[in-house]
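Structure, as structure tokens:
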Amino acid sequence: MLSGGMTECIATDAVWGAWRALHNQESRTPQGFAARLAASLDLGIDWIDHADIYDNGAVETLHGEALAQLNGQQRQRLRIISKCGVRFESPGQPGVRVAHYRSDAGFIRAQAEASLKRLGHEHIDLYLLHRPDYLMQVEETARALETLVSDGLIGSIGVSNFSIHQFDELARACRHPIAAQQIEISVLANQALDSGMLEQARRHRAAILAWSPLGGGALFREDRPLNALLARIAEREQSDMASIALAWLKRIPGPVIPVLGTMSLTRLQQQIEGMRRVQLDAQDWYEILEAARGARVP
Ligand SMILES: NC(=O)c1ccc[n+]([C@@H]2O[C@H](COP(=O)([O-])OP(=O)(O)OC[C@H]3O[C@@H](n4cnc5c(N)ncnc54)[C@H](OP(=O)(O)O)[C@@H]3O)[C@@H](O)[C@H]2O)c1
């Protein structure tokens, strides 16, 4: 089924991703996390990305604790993304002896309810299947997701890391549109440009949410020819490398919406401002692609 319109579901030019919150001294406290939620809202970014597995639910719990620091208007503006489906061996997941995925109805319902309780919200705006489950019984999964919508627990249904065929199969089975596909896409991980996924998302009017838009920080850890080019363009634009990498993503038709993972308030501000201000022309864009791939386009 084709979507009724991406902008109805996720009208934003960026999302803030909470995955790394407990790995930073400042964002790991309710006050620090609330400060990042507030900064994000101040920048016009209402959408926050979570998952049941981020530190075994502790990041969602932190979000719930941080809500008390926000005023009613801020709390109302927050739009929540969360995900379920990934299981791995960890003290927080008793009984799991081998990493696997789940998409059965009972599991989906239980995970959504648990996330809502931890987050302190009555509603998850966009709920994603985190990874494709090779054992998915597609009709059962589709009905489970539809029921979450009709019961008001979630607003929209999405997927993450699905192939084109896996997306299609679920989209065909589901009475609601697949409103988003969250995938890794960045200057460093640019395979989706050729995979057909972007075209599929556009056809379904599904948002493409780009996880690790800065390669999870890898962009800054290694010195590559790409870095010199990004630095040169950044100097020309009076900006920084991260913003140029994000402006490159934003240039891809779709649109592609980055899920920013920084826990630094200064970087969050810089990245949003730079991403919005810098306009790359087609030659900049292809020069960056060639530098990233280490090969000329044919
Ligand atoms: N669906 C999925 O399978 C999946 C997988 C992975 C992630 N995600 C989602 O995507 C979100 C973003 O992923 P990500 O955190 O990997 O995104 P990212 O924005 O690519 O990377 C963030 C990392 O880069 C560092 N960084 C950012 N700017 C920097 C700079 N100028 N210099 C040096 N380091 C810099 C950050 O450190 P500081 O905090 O110090 O700035 C942080 O460690 C996650 O929070 C999560 O919500 C989803």
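Read-outs throughout are calculated quantities, based only on the coordinates presented, and are distinct from any laboratory measurement. The model shown is predicted, which means the values in this text are computed figures rather than measured ones. Methodologically, a virtual Cβ is constructed for each residue, glycine included, from the backbone with ideal geometry; neighbour enumeration extends over all protein chains shown.
Amide H to amide H under 5 Å from H130: which residues, 5+ apart in sequence or cross-chain, H placed 1.01 Å off N in plane?
Under 5 Å from the amide H of H130: C84, G85, V86.
Nothing charged except the Cβ atoms of Lys and Arg (+1) and of Asp and Glu (-1): what's the magnitude of the dipole of the range 210-293 about its Cα centre? Round to the nearest 20 debye.
For the range 210-293, the charge dipole is close to 200 debye.
Q238 versus Q76, label points 7 Å from Cα toward the beta carbon: distance in nm?
It is 3.8 nm.
By how many degrees, between 0 and 90 and to the nearest 10, does the Cα long axis of helix 225-236 differ from the longest principal axis of the chain?
With both axes taken from Cα atoms, the answer is about 70 degrees.
P(r) for the range 20-106: what percent of alpha-carbon pairs falls in each 5 Å bin, starting at zero?
3, 13, 21, 22, 16, 10, 10, 5, 1
Would you tally the net charge around V259, using a Cβ to Cβ cut-off of less than 12 Å, leaving V259 out, and scoring K and R as +1, D and E as -1?
Summing Lys/Arg as +1 and Asp/Glu as -1 gives -1.
Could you tell me how many degrees, from 0 to 90 and to the nearest 10, lie between the Cα long axis of helix 241-250 and the main elongation axis, the longest principal axis, of the Cα atoms of the chain?
60 degrees
How much length is gained if the chain between A39 and R224 is pulled fully straight, taking 0.36 nm per residue apart and subtracting their Cα-Cα distance, in nm to one decimal?
Separation in residues times 0.36 nm, less the Cα-Cα distance, equals 63.4 nm.
Where the only charges are on Cβ atoms (+1 Lys, Arg; -1 Asp, Glu), what is the dipole of the chain about its Cα centre, to the nearest 20 debye?
80 debye
Express in nm, to one decimal, how much length is gained between I252 and T12 on full extension, taking 0.36 nm for each residue of separation and deducting their alpha carbon distance.
So the chain would gain 84.9 nm between I252 and T12.
Cα gyration tensor of the range 178-298, axes a ≥ b ≥ c as square roots of the eigenvalues: rounded (a/c below 1.5), prolate (a/b > b/c) or oblate?
Oblate, because a/c is 1.5 or more while a/b does not exceed b/c.
If you plug each phi of the range 173-190 into the Karplus form 6.51 cos²θ - 1.76 cosθ + 1.60 with θ = phi - 60°, what whole-Hz ³J(HN,Hα) values come out, in order, with x for Gly and Pro?
With the stated coefficients, the range 173-190 comes to 7, 9, 6, 9, x, 7, 7, 7, 10, 9, 9, 7, 8, 6, 4, 7, 10, 10 Hz.
Just name one of P253, I233, V278: the one whose Cα is farthest towards the positive end of the charge dipole of the range 210-293 (beta-carbon charges, Lys/Arg +1, Asp/Glu -1).
The residue sitting farthest along the positive end of the dipole is P253.
Provide the net charge surrounding R77, with neighbours chosen by a C-beta distance below 15 Å and charges set as Lys +1, Arg +1, Asp -1, Glu -1.
So the surrounding residues net to -1.
For S156, enumerate residues with amide H under 5 Å from its amide H, sequence gap 5+ or separate chain, H modeled in the peptide plane.
Close amide H contacts, sequence-distant or interchain: L126, Y127.
Once you charge only the Cβ atoms, +1 for Lys and Arg and -1 for Asp and Glu, what is the size of the charge dipole of the range 16-184 about its Cα centre, to the nearest 20 debye?
Here the range 16-184 has a charge dipole of around 180 debye.
Output wanted: per-residue J couplings in Hz (rounded whole) for the range 105-114, from phi through Karplus 6.51 cos²θ - 1.76 cosθ + 1.60, θ = phi - 60°, x for Gly and Pro.
So the Karplus estimates, Gly and Pro as x, are 4, x, 5, 4, 4, 5, 5, 5, 5, 5 Hz.
How far apart, in nanometres, would the label points at K117 and Q191 be if each is projected 7 angstrom from Cα along the Cα-to-Cβ direction?
3.8 nm
Relative to the present Cα-Cα distance, how much length would full extension add between E139 and E26 at 0.36 nm per residue of separation?
Answer, rounded to one decimal: 36.3 nm.
Once you treat every alpha carbon in the chain as an equal point and sum by Debye, what is log10 I(q)/I(0) at q = 0.09, 0.14, 0.15, 0.16 Å⁻¹?
Values, matching the q order: -0.43, -1.06, -1.21, -1.35.
For labels at V98 and H165 in the simple 7 Å Cα→Cβ model, what's the distance in nm?
Modelled inter-label distance: 2.3 nm.
At R0 = 35 Å, how high is the FRET efficiency between E146 and Q283 if r is their beta carbon distance? Nearest 0.05 is fine.
0.15
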